[in-house]
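All remarks here apply to the structure that follows.
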Amino acid sequence: MSVVREEKSVFQFIDKPLLWTYAALCLIGWIAIYAAVYNPSHRHLWDLDQNYGKQMVWILSSWGLMIVILSVHPRIFYHSSPIIYLITMVLGLAVAFLGREVNGARAWFEVGSFRLQPAEFMKLSTALMVAYFFANRPVRLDRFSSQLLAGLWLLIPVILLLLQKDTGSALVYVAFVLVFYREGLSVNYLLFGLASAFVSVLTLWLGANTMAIVLPATALLYVVMAANSRKAALVSIRYLIPALALVLAVGYAFDNILLPHQKQRILVLLGKVNDLRGAGYNVHQSLIAIGSGGLWGKGFLQGTQTKFDFVPEQSTDFIFCTIAEEYGFWGSTLLLALFGFLLIRIFQIAERQPGTFGRVYGYGIGCILFLHVTINIGMTLGLLPVIGIPLPLISYGGSSLWSFTAMIAILLRLDSGRMLGIR
């Protein structure tokens, strides 16, 4: 039997460690943006002509958004999930045809100097909708019908993002596979996904024609070496056919779907092209900035790569190299530790939720944050292709900050509802 408590303030039952970690990351992001775009002729902290001035407005408004969300009754998020999902999907469809095109992607609504990116809010609404789906009916992920229905809520935003030519944001929805795994999806799907990723990378590296020879040769070798050749042959055929289909699909997508700059970035990452003045320029300069920071860094506003604007998009996609250059290995480690604590705390809160909705939602936003951090830092280190994924709460951008703030605020409110005896 739940005990209903009286709530005297919106912050009374809020998880303070998560709240303070969120606030610390926001302030670290603002300091990093200030350093990335610092101009001696624009020293005023509230200069709205500079990104740091605009970001401070976004930070303050996001904190206001958090207070509003914490004031809402927890049950409202459950009941409004389908409506929020529908609204963001409609916006995602509209921006694909009516939005402003930037860097090849048509993903922004623009009114004067104000930009809104629906893709950021689509992640939030998808997390809510997936949680609603699991909480609203018995879902058994060992059945294909349940897998199909659960995947449908992910397929819709992915299609809309591909229409916007925003491949980077579409990749984020892979994170929900981990959520499904928590809810009972077989580990075989995860292993299949890892194997598919491995084959895809090999296809991009060696080429589809080469893989069309390597895979059958490997299968034949397995059959020859197996004690039971008949059984081995059946197993080989079982895995060889989908592997060859994947090779053909990856080859077709690379040749016909990816944009020229996306192809070039992949080729640079794989070492097949050395383009330090073109597609490889950003990553090369980022690695110089990170390496030059050393153990302790060069100090606040002392980063030469940052100060002389060698790295493009340094206040957005490549903000991590600013921190690494000015604060070195220890500063980068501290930032990663904060993100690690943030993620651990989110998953702990998710696990202690009394209902399915809160648990699935918590895991949803935790996995989204995890993938964002992994991809963003991976691309600044040259380990992953550059796909325009912001570093949560750190990179410049109002849509991203509002979206991640809303994600965390809703989880905090659901958790405080647990303390109030609301289910």
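Every number here is computed from the coordinates shown, using simple stated rules; none is lab data. Just so it is clear, the model here is predicted, and its values are computed rather than measured. Don't worry about glycine lacking a Cβ; one is built from the backbone with ideal geometry, like all the others, and counts go over all protein chains shown.
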Residue among D317, D142, D15 with the largest mean-square fluctuation in a Gaussian network model of the chain, springs linking Cα atoms under 10 Å: D142
Whole-Hz couplings from phi, Karplus 6.51/-1.76/1.60, listed for region 141-147; x for Gly and Pro: 7, 8, 10, 5, 4, 5, 4
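For E325, E183, which order do you get if you count the other beta carbons within 10 Å of each Cβ and list the fewest first?
Numbers: E325 31, E183 18.
Fewest to most other Cβ atoms nearby, the residues stand as E183, E325.
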Karplus (6.51, -1.76, 1.60) ³J(HN,Hα), θ = phi - 60°, over region 393-404, in Hz, Gly and Pro reported as x: 6, 10, 5, 5, x, x, 4, 4, 5, 4, 5, 5
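Quick check on the chain: take the gyration tensor over C-alpha atoms, sort the square-rooted eigenvalues as a ≥ b ≥ c, and tell me if it's rounded (a/c under 1.5), prolate or oblate.
Cα axes put the chain in the oblate bin.
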Order of F254, F318, F121, F329 - criterion: other Cβ atoms within 10 Å of each residue's Cβ, fewest first: F329, F254, F121, F318
Rg to Rh quotient for region 1-157, alpha carbon positions, Kirkwood Rh: 1.05
Amide hydrogen neighbours beyond the local backbone of K298, cut-off 5 Å, H modeled: E326, Y327, G328
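What's the tally of Lys pairs in the chain whose alpha-carbon atoms lie under 23 angstrom apart, where the two lysines are 8 or more places apart or on different chains? Mind showing how you got there, number by number?
Values: K8/K16; K54/K307; K123/K165; K165/K263; K263/K272; K298/K307.
Lysine pairs satisfying the spacing and distance rule in the chain number 6.
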Cα shape, region 232-375, gyration tensor, a/c 1.5 rule: oblate
Per-residue [θ]222 nm for the chain (sum of -39500 (n - 2.57) over DSSP H runs n ≥ 4, rounded to 500): -23000 deg cm²/dmol
Rg and Dmax [Cα atoms of region 207-258; Å; Rg one decimal, Dmax integer]: 13.1, 44
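By the gyration tensor of its Cα atoms, with a ≥ b ≥ c the square roots of the eigenvalues, what is the shape of region 320-423: rounded for a/c under 1.5, prolate for a/b over b/c, or oblate? Numbers along the way, then the final one.
Values: a/c = 2.43, a/b = 2.14, b/c = 1.13.
It is prolate, given that a/c is not under 1.5 and a/b is the larger ratio.
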